[in-house]
Amino acid sequence: EDKVVQSPLSLVVHEGDTVTLNCSYEVTNFRSLLWYKQEKKAPTFLFMLTSSGIEKKSGRLSSILDKKELFSILNITATQTGDSAVYLCALKTSYDKVIFGPGTSLSVIP
Amino acid sequence: DGGITQSPKYLFRKEGQNVTLSCEQNLNHDAMYWYRQDPGQGLRLIYYSQIVNDFQKGDIAEGYSVSREKKESFPLTVTSAQKNPTAFYLCASSIRGQGAAQETQYFGPGTRLLVL
């Protein structure tokens, strides 16, 4: 059965801290791993990863995939209060099925 | 403007009633998805469709039904068999193919369903 697990489920940090969010998975017919940020309503896309060991970066956010160990991490450096959100990890299969993990709720306090 | 729309924004259902949530996209996407989100939880896949006239069950399809008669539309019916339908429902679409743009899902604004 295809499965996505995220940890921690919730996290509280102070502004300026660096955080690492984890995503592990079991899936047949892997095609890509996706990270989303969800604040109030619909998730917004952050990264897509398909190859092991290649870091994707966008400002203070970065992500990397390990297809051998079946996990990905999302790093946020110098956190700001605007980073407070739920971060969702998702897997897309070769058959276009997309399944999500439970999310990590991040709270950044001043 | 291209995008994906859902209606209504809020929907109230009485016990034993079927209700239908609308999802329309004008992005020319082949694949469409329905997810359910409960408070404090991630998205759970209800149904998805890769092409017109075809759809697949997700992880929590029981009590729900869908149709895909047109590429642009993927309505979700919450039947009376779904005993705990109160949740936030999100519709998404994506291109079929490979590459960053193709893998991204575009989400609608969501419909919040409440049972009276």
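Descriptive notes on the structure:
- The protein assembly as shown has equivalent-ellipsoid semi-axes of 29, 21, 16 Å, by the square roots of 5 times the alpha carbon gyration tensor eigenvalues, sorted largest first.
- Over segment B:1-56: Kirkwood hydrodynamic radius from C-alpha pairwise inverse distances, Å: 13.4 Å
- Among the listed pairs A:67/A:97; A:57/A:97; A:92/B:57; A:37/A:92, those beyond 22 Å (Cα-Cα): A:57/A:97
- Computed from the C-beta positions of residue B:60 and residue A:26, the FRET efficiency with R₀ = 22 Å rounds to 0.75.
- Radius of gyration, Dmax [chain A; alpha carbons; angstrom]: 13.4, 43
- For the peptide A:33-40, the mean number of other protein chain Cβ atoms found within 10 angstrom of a residue's Cβ is 2.
- Among B:28-39, A:35-46, the order from most to least packed when residues are scored by Cβ within 10 Å on average: B:28-39, A:35-46
- When you work out D = kT/(6 pi eta Rh) for segment A:6-51 at 10 °C and 1.306 mPa s, using the Kirkwood radius from C-alpha pairs as Rh and the Stokes-Einstein form, the result is 122 µm²/s.
- Normalised contact order of chain A, rounded percent, pairs of Cα under 8 Å and 6 or more residues apart: 38 percent
- Accessible surface, per residue, of chain B when the full set of protein chains is kept, probe 1.4 Å, Å²: 48 Å²
- Area hidden from solvent between B and A (accessible, protein heavy atoms only, 1.4 Å, total, Å²): 1900 Å²
- Kirkwood Rh, angstrom, chain B [1 / mean 1/r, Cα pairs]: 14.2 Å
The values are calculated or read from the model by the stated rules, or taken from the named source; none is laboratory data. The structure displayed is predicted, hence computed values, not measured ones. Quick reminder, even Gly has a Cβ in these numbers, built from the backbone with ideal geometry, and neighbours come from all protein chains shown. Areas reflect the complete protein model, heavy atoms only, side chains present, ligands, DNA and RNA absent. Shrake-Rupley method; radii C 1.70, N 1.55, O 1.52, S 1.80 Å.
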